[in-house]
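Input: a single structure, listed below in structure tokens.
Derivation of every value follows stated rules applied to the coordinates shown; laboratory data play no part. Source: prediction; values computed, not measured. Here the Cβ positions follow ideal geometry from the backbone for every residue, glycine too, while neighbour counts run over all protein chains shown.
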Amino acid sequence: MSAFQAADPAYAERVAESFARQSAMSTIGARLVAVRPGEVEIELPHGPAICQQHGFVHAGIVSTALDSACGYAASSLMPADAGVLTIEFKVNLLAPARGPVIRMTGRVVKAGRTISVVEGQAVQAHPRDPAQTQVVATMTATVMTISGREDVRG
């Protein structure tokens, strides 16, 4: 259960609509799988088009999907006419991302009127025990609310 209340009753539809317009996510094969107030989950299937030379999902791709999960988590709490832009993030890469699916979760820690802090986590099935999970990467992101701009909305 989320500790946050969405400002927009249609937040989930707005986030899904925005995600569908984000060509970067479709390019890497990411799917939006859950939207709750202050929390978003994205799944990224492992595939050769997004891997580095050793066959692991490239760190830049993991970071990209985590950034989207964090941004959309913050966006879920914003008014309908507002958008968000990431202004800073830090990623810790903890294990090779080998899949078969990596689940990115973004959770708002502090929702502000202008600046929000969001934590992200990328998790996959553990390579030696698929019944267990393994954290692949973590992210701390600072996200800014943008209002009054037609080019940055929902």
TODO: Could you list, in sequence order, all residues of region 43-58 that are touching a Gly at 6+ places or on another chain (Cβ under 8 Å) and within 14 Å of residue 136 (Cα to Cα)?
DONE: 44, 45, 46, 57
Task: Listing of helices (runs of 4 or more DSSP H) fully contained in region 1-107 that carry 1 or more residues being surrounded by 22 or more Cβ atoms within 10 Å (Cβ to Cβ) - done: 11-21, 59-75
TODO: Could you please give the count of residues in region 110-128 that are crowded, with 19+ Cβ neighbours inside 10 Å and over 19 Å from residue 62 (Cα atoms)?
DONE: 2
Task: Residue list for region 1-56, filter: more than 16 Å from the chain's Cα centre (by Cα) and aliphatic (A, V, I, L, M) - done: 1, 3, 6, 7, 10, 49, 50
Open item on the list: Tally up the residues in region 111-147 that are in contact (Cβ under 8 Å) with a residue 40 or more places away in the chain and within 15 Å of residue 78 (Cα to Cα), please.
Closed with: 9
